[in-house]
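Have a look at the structure below, then the notes.
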Amino acid sequence: MRMDRPQPRALSADLLALSGRLRPALIAFFQRRLRDPSHAEDLTQDLFCRLAAGPPHVVDNPEAYIFRIAANLVNDHYRRETVRSRFHRHDDPGREADIDQLDAARLLEARESVGRVAAVLNTLPERTRHIFILYRLEGMPRKGIAETFGISVSAVEKHIATAMRTLLRDAGGER
């Protein structure tokens, strides 16, 4: 364990319940972004250690709050990796020649496309949006999502279908 991590105090029943319910989704979230199961486990543990060590918060939507913290942990991880990468590149300056440079127009088009999808997803009901993101972006199985939300697999499939119809309608795919 690193020395800069906050030390947890006794976990409250609410935090334990959240941990039990959201742990699979958080691990999927981290694995999708980092592609490393050990990092996913470490960051999930770190997230709940931070929550346990910090002052208690009254939050309207604890799931959204926790996933915001998770996104921040991923950003922190990539910042650290960027610093390490820069350090190692100074040892081997010829390494950058192998990198494909992104075209500015392609980058702008991709950002606009992602922005349109995000805008459409934000119009969905919160539960539908979370279920769709866990399934399509995080790769979490429908059964795991159903257990996390305490609903049937059929209900999860209906939420996913609703989100897909909305996205297709926006893309002009539904007539």
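In segment 74-92, the residues that are farther than 27 Å from residue 45 by Cβ form Cβ pairs under 6 Å with partners that are at pLDDT below 85, at six or more places apart or across chains, as follows: 89/95. Residues of segment 28-41 being without any contact (Cβ under 8 Å) to a residue 60 or more places away in the chain, part of a helix (DSSP H, G or I) and surrounded by fewer than 18 Cβ atoms within 10 Å (Cβ to Cβ), which ones? Within segment 28-41, 37, 38, 39, 41 meet the criteria.
Can you tell me which residues in segment 62-80 are farther than 14 Å from residue 50 by Cβ and open to solvent by 70 Å² or more (accessible area, probe 1.4 Å)? Selection gives 78, 79, 80. Residues that are surrounded by 12 or more Cβ atoms within 10 Å (Cβ to Cβ) and of a type in the set (D, E, K, R) were ranked within segment 1-27; the one that is modelled with the lowest pLDDT is 5. Looking at segment 137-156, which of the residues that are open to solvent by 70 Å² or more (accessible area, probe 1.4 Å) and charged (D, E, K, R) is modelled with the lowest pLDDT? Out of the qualifying residues, it is 147. Of all residues in segment 47-59, those satisfying the criterion of being open to solvent by 20 Å² or more (accessible area, probe 1.4 Å) and at pLDDT below 75 are 55, 56, 57, 58, 59. Out of the residues in segment 117-136 that are farther than 15 Å from residue 64 by Cβ and touching a residue at least 12 places away in the same chain (Cβ under 8 Å), which is surrounded by the fewest Cβ atoms within 10 Å (Cβ to Cβ)? Per the stated criteria, the residue is 123.
The values are calculated or read from the model by the stated rules, or taken from the named source; none is laboratory data. Remember, it's a predicted structure, so these values are computed and weren't measured experimentally. Every residue, glycine among them, receives a Cβ derived from its backbone with ideal geometry; neighbour counts consider all protein chains shown. Surface areas here come from the heavy atoms of the whole protein model, side chains and all, with no ligands, DNA or RNA. Shrake-Rupley method; radii C 1.70, N 1.55, O 1.52, S 1.80 Å.
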